[in-house]
Amino acid sequence: MSPSRSLPAIVAIACFAAPSVVPAQETPQALEPSVKQSPAPVSAPAAHAAAPSRKPAVKHGRVSRLRSASDSHDAAGHGEPHGNEVAQVRGVVSTILAANQAYMKGHGAAYFNAFADKQTPRATVLTCADSRVQANVMHADPVNDLFLVRDIGNQIATVEGSIEYGVRHLHTPLLLIVGHAACGAIKAASSDYSGLEPSIRKELDTINIPKGGDPTNGALLNVNNQVESAILKFSGEVESGHLAVIGAFYDFRNDLKQGLGKLVITNINGETDPEILRTWTRQGQFFKTGFAK
């Protein structure tokens, strides 16, 4: 592992923490690890298994078309791609393949051999699936160094197994949870989302923030909630000093007035006080806890 990628360099990209933000009737800085989350919904088991279809799913090398409610989306075009869709797909595939060729040419065999048989990341990173949030905003070369997990709303409940794998099987000493500006999941969760698709509603159900609140406040509160959830789940690792749980906010709109694109650390193991966060980050004290002062 290159010395230029030290662990504090990952987490200390920015700290000088967020100004006081007021979600509903409390401030994120004052939140202790007692913030409660809504439990994940439990699906009732089906009474009987569905009978197997007698018709093959694939016939003569072609996947048979299954009718569903989603078919209404392409009814007007009779299922044929529109010209702009064709151009977009061709363009993005071309971009991806060209970038991959450049990547291959820029890295020799030694680079790939270093992780050919085993991954050795130093951090498990949970981010929102938003396309504006990518690993390169926090790491010049995240390959084999960041175990990246993504979902809508950067929440643990919907990707718990992946998070647990990173912490308990890959033994990453850092769990970094990154919220961000203008998060669509936060905006939806703080409003009426009953008209959305069931699968999306299911994921929004586990984002526990007040209705009608400011989106930035909601994103900061959600990060605190996720840090709290992680501390409860991995309490043994945190208390024994084997895991640091850090919350951050990627601010590509400068909502916190600390600079466009700043990754602002807003929570270290349950601590949210800006002055304390500045001190801990400056000193590299990422294993201190906000619940044992």
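The values are calculated or read from the model by the stated rules, or taken from the named source; none is laboratory data. A quick note: this is a predicted structure, and the numbers were derived from the prediction, not measured. Please note: Cβ atoms are built from the backbone with ideal geometry, for glycine as well, and neighbour counts cover all protein chains shown.
Only one entry in T266, T281, T272, T206 is hydroxyl-bearing (S, T, Y), crowded, with 18+ Cβ neighbours inside 10 Å, in contact (Cβ under 8 Å) with a residue 40 or more places away in the chain and over 24 Å from E160 (Cα atoms), namely T281.
With respect to the conditions (1) more than 13 Å from the chain's Cα centre (by Cα); (2) part of a helix (DSSP H, G or I), E160 falls short on a single one, namely (1).
Give me the pairs: first residue in region 88-108 and more than 21 Å from V143 (Cβ to Cβ), second residue of a type outside the set (F, W, Y), beta-carbon distance under 9 Å, and six or more apart or on different chains, which are they? Pairs that qualify, where the first residue is more than 21 Å from V143 (Cβ to Cβ) and the partner is of a type outside the set (F, W, Y), are V89/P81.
Within region 141-155, is there a residue that is outside any loop (DSSP other than H, G, I, E, B) and over 30 Å from D205 (Cα atoms)? Break it down stepwise before answering.
In the first step, residues of region 141-155 are kept if they are outside any loop (DSSP other than H, G, I, E, B); the result is 146-151.
Filter once more, keeping what is over 30 Å from D205 (Cα atoms): none.
So far as region 141-155 goes, no, none of its residues is outside any loop (DSSP other than H, G, I, E, B) and over 30 Å from D205 (Cα atoms).
For region 107-148, a tally of residues being under 20 Å from F252 (Cα atoms) and touching a strand residue (DSSP E or B) at 6+ places or on another chain (Cβ under 9 Å) returns 15.
Based on what the data block shows, is K288 in a loop (DSSP other than H, G, I, E, B), surrounded by fewer than 24 Cβ atoms within 10 Å (Cβ to Cβ) and without any contact (Cβ under 8 Å) to a residue 24 or more places away in the chain? When the stated conditions are applied, K288 passes them. Could we say that G195 is of a type in the set (G, A, S), closer than 30 Å to K118 by Cβ and surrounded by fewer than 22 Cβ atoms within 10 Å (Cβ to Cβ) here? So G195 does not fit the description; no.
You will find that of L221, L243, the residue that is touching an Asp or Glu at 6+ places or on another chain (Cβ under 9 Å), over 17 Å from K288 (Cα atoms) and either among the hydrophobic types (A, V, I, L, M, F, W, C) or modelled with pLDDT of 95 or more (or both) is L221 and no other.
Conditions tested, residue by residue: (1) of a type outside the set (A, V, I, L, M, F, W, C); (2) out of contact with any Phe, Trp or Tyr (no Cβ under 6 Å at 6 or more places or on another chain); (3) in a loop (DSSP other than H, G, I, E, B); (4) modelled with pLDDT under 95.
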residue: H73; (1), (2), (3), (4): yes, yes, no, yes
residue: H78; (1), (2), (3), (4): yes, yes, yes, yes
residue: T95; (1), (2), (3), (4): yes, yes, no, no
residue: N100; (1), (2), (3), (4): yes, yes, no, no
residue: F112; (1), (2), (3), (4): no, yes, no, no
residue: Q119; (1), (2), (3), (4): yes, yes, yes, no
residue: V125; (1), (2), (3), (4): no, yes, no, no
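Restricting to region 210-230, what's the tally of residues that are surrounded by fewer than 23 Cβ atoms within 10 Å (Cβ to Cβ) and in contact with a helix residue (DSSP H, G or I) (Cβ under 6 Å, 6 or more places away or on another chain)?
To start, the set of residues in region 210-230 that are surrounded by fewer than 23 Cβ atoms within 10 Å (Cβ to Cβ) comprises 210-217.
From the residues that got through so far, the ones that are in contact with a helix residue (DSSP H, G or I) (Cβ under 6 Å, 6 or more places away or on another chain) too are 215.
Here the count works out to 1.
Here the condition is being more than 17 Å from I246 (Cβ to Cβ), surrounded by 18 or more Cβ atoms within 10 Å (Cβ to Cβ) and among the aliphatic types (A, V, I, L, M); of A189, A123, it holds for A189 alone.
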